[in-house]
Amino acid sequence: MKKLEICILAAGKGSRMRSEKPKVLHEIGGRPMLNYLIDLAGSLQAHRTHVVIGNGADSVKAAFPDIDINWVLQTEQKGTGHAVQQVMPHVDPDARLLILLGDAPLVSLETVNALISTKSELSVLTVCQPDPTNYGRIIRSDDGQIAAIVEERDATPEQRQISEINTGVMCADAESLRQWIQALTTDNDQGEYILTDIVALARKSDMSVLPVMSGNSQEVQGINTLSQLASAERYFQRSMAEQLMDQGVRIVDPMRFDLRGSLAVGTDVTLDINCVIEGSVSLGDRVRIDPNVVLKDCVIGDNVHIKANTVIDGAVIGNDCQVGPFARLRPGTELRQNALIGNFVEVKKSVIGEGSKASHLTYLGDATLGDGVNIGAGTITCNYDGVNKFQTTIGDGAFIGSNTSLVAPVTVGKQATTGAGSTITKDVSDKGLALGRARQTEISNWKDKR
Ligand code: UD1
Ligand code: CA
């Protein structure tokens, strides 16, 4: 077997995206398109991977630091054939070269393997598209081989009726490919070096050009517009949802599920509609996620219930906790077993001890709460003086009255109580009651001037 090299074409402008960003950096499932192809090259254990860049070359390169890629600069974009021409001097003549398009990122390992294992000087991955507009059409010869690929602009009305199209993924012997690429001309409607013309050239020199037809028109779809990007995104999300459902996750509506990272799950997990999962998320057994929840980089234990409209980022949540509705957990939050964070509660860089509760309208920042603490509604930690952040420590079993302002640094002892509406500026001892509010006075028989 010849060794495999891979070339990914990613120098084009992607003008049809109408965006300043290089097309291959537009994201699917929260990752740049090009990522999927680089991963694919990794799975294929390619001897070498060449990526042709041009438009936005610096930002494309910068998006993939510390990675073993031969970046090939195509300074002027004179077509896909011209792009491959730039790569050829870097490719071992004895290798097989797999060509992938940077804007067709969802092609599967299985499909590409079928192409690579086809014994032919040139093999081309094709598919039947219900709407073949703008794709190169496959012209077959009587023996089932491909006689030519005709681009939309160069096609006759009859050829435009053909629904079998070129996906752009091809595999060829490097030495032959080099000769065909050298023979390309700009004699076409675009005035470009068109890669697909190599098919006719190969056939002219009596080489075999075999089609490998994919049965999945979605995985090989090219992404030229934001509309096509949206449809690729849905296809990707649907496949992610299918994988999770196969693992036993109840996804209430796979059309309204978004994974933009990785999700590890226990058994009997339920995800209601409009959950967005970002970064690395892990859910224990019997976790329930209600509608409209964003989970980013978090670890959630068993039997946890995340209620609607909650946003969690960078938190670790122990078993049996409840969070939300409308809660926000920010980085550095740790909820120990059976803790409860209710509606309109924000927690940042804080530890909430076992069974502790903040049920409503609270901000806890830079705080450490012991076990069994009760935080009354409207309580806030005043953790920031405009320059520095300070810690609040609350002992086991303390009861913080409603609307308490805890001016940090401050410590409230175990089983201590603060009166509702207090501003606590000094430490409170264990079991103490602290009141930091104006005494209520009353003027009797007051004559209202009204
Ligand atoms: C191409 C194919 C078409 C196929 C379709 C599948 C050609 C001539 N046409 O058309 O047959 O049906 O893909 O999606 O190959 N690129 C460069 N340098 C260039 C030009 C393009 O690197 O000078 C890169 C682009 O960044 C892109 C890829 O090549 O990733 C394909 O180019 P694009 O212009 O999108 O080709 P299509 O018109 O989609
Ligand atoms: Ca394209």
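Can you list the strands (runs of 3 or more DSSP E) lying wholly within the stretch 102-175 that have 1 or more residues being on the phi > 0 side of the Ramachandran plot and open to solvent by less than 20 Å² (accessible area, probe 1.4 Å)? Break it down into steps so the answer makes sense when it comes.
On the way: elements: 122-128, 137-140, 146-150, 164-173.
Once the strands (runs of 3 or more DSSP E) in the stretch 102-175 are filtered for at least 1 residues that are on the phi > 0 side of the Ramachandran plot and open to solvent by less than 20 Å² (accessible area, probe 1.4 Å), what remains is 164-173.
What do you reckon, is SER15 modelled with pLDDT under 95, over 24 Å from ILE198 (Cβ atoms), in the same structural domain as GLN190 (by TED's automatic domain parsing) and among the hydroxyl-bearing types (Ser, Thr, Tyr)? Taking the combined requirement at face value, the residue satisfies it.
With respect to ILE400, is the statement that it is of a type in the set (A, V, I, L, M, F, W, C), within 23 Å of ILE306 (Cβ to Cβ), buried (at least 19 other Cβ atoms within 10 Å of the Cβ) and more than 35 Å from the chain's Cα centre (by Cα) true? Spell out how you get there, then give the answer.
Details: of a type in the set (A, V, I, L, M, F, W, C): yes; within 23 Å of ILE306 (Cβ to Cβ): no; buried (at least 19 other Cβ atoms within 10 Å of the Cβ): yes; more than 35 Å from the chain's Cα centre (by Cα): yes.
Taking the combined requirement at face value, the residue does not satisfy it.
In the stretch 181-201, how many residues are without any contact (Cβ under 8 Å) to a residue 24 or more places away in the chain and not in a loop (DSSP other than H, G, I, E, B)? Of the residues in the stretch 181-201, 2 are without any contact (Cβ under 8 Å) to a residue 24 or more places away in the chain and not in a loop (DSSP other than H, G, I, E, B).
Within the stretch 110-124, can one find any residue that is of a type in the set (Ser, Thr, Tyr), modelled with pLDDT of 95 or more and touching a helix residue (DSSP H, G or I) at 6+ places or on another chain (Cβ under 6 Å)? Checked against the condition, which is being of a type in the set (Ser, Thr, Tyr), modelled with pLDDT of 95 or more and touching a helix residue (DSSP H, G or I) at 6+ places or on another chain (Cβ under 6 Å), the stretch 110-124 yields at least one hit.
Quick check: is even one residue across the stretch 226-233 under 19 Å from the mean Cα position of the chain (by Cα), away from ligand 1 (no atom under 16 Å from the Cβ) and more than 26 Å from SER117 (Cβ to Cβ)? Within the stretch 226-233 (the criterion being under 19 Å from the mean Cα position of the chain (by Cα), away from ligand 1 (no atom under 16 Å from the Cβ) and more than 26 Å from SER117 (Cβ to Cβ)), the answer is yes, since at least one residue qualifies. Taking the stretch 403-435 as the range and being crowded, with 19+ Cβ neighbours inside 10 Å and touching a residue at least 40 places away in the same chain (Cβ under 8 Å) as the test, only ALA408 passes. For the stretch 291-322, a residue qualifies if it is open to solvent by 30 Å² or more (accessible area, probe 1.4 Å), within 21 Å of LYS357 (Cβ to Cβ) and either assigned to a loop (DSSP other than H, G, I, E, B) or in contact (Cβ under 8 Å) with a residue 24 or more places away in the chain (or both), and the qualifying residues are ASP302, ASN303, LYS307, ASN309, ASN319, ASP320. Go through the residues of the stretch 275-289 one by one and say whether even a single one is under 23 Å from ALA230 (Cβ atoms), touching a helix residue (DSSP H, G or I) at 6+ places or on another chain (Cβ under 7 Å) and open to solvent by 20 Å² or more (accessible area, probe 1.4 Å). Checked against the condition, which is being under 23 Å from ALA230 (Cβ atoms), touching a helix residue (DSSP H, G or I) at 6+ places or on another chain (Cβ under 7 Å) and open to solvent by 20 Å² or more (accessible area, probe 1.4 Å), the stretch 275-289 yields no hits at all.
The values are calculated or read from the model by the stated rules, or taken from the named source; none is laboratory data. Predicted model, so just to flag it, every value in this text is computed and none were measured. Every residue, glycine among them, receives a Cβ derived from its backbone with ideal geometry; neighbour counts consider all protein chains shown. The area values use the complete protein model at the heavy-atom level, side chains included, leaving out ligands, DNA and RNA. Shrake-Rupley method; radii C 1.70, N 1.55, O 1.52, S 1.80 Å.
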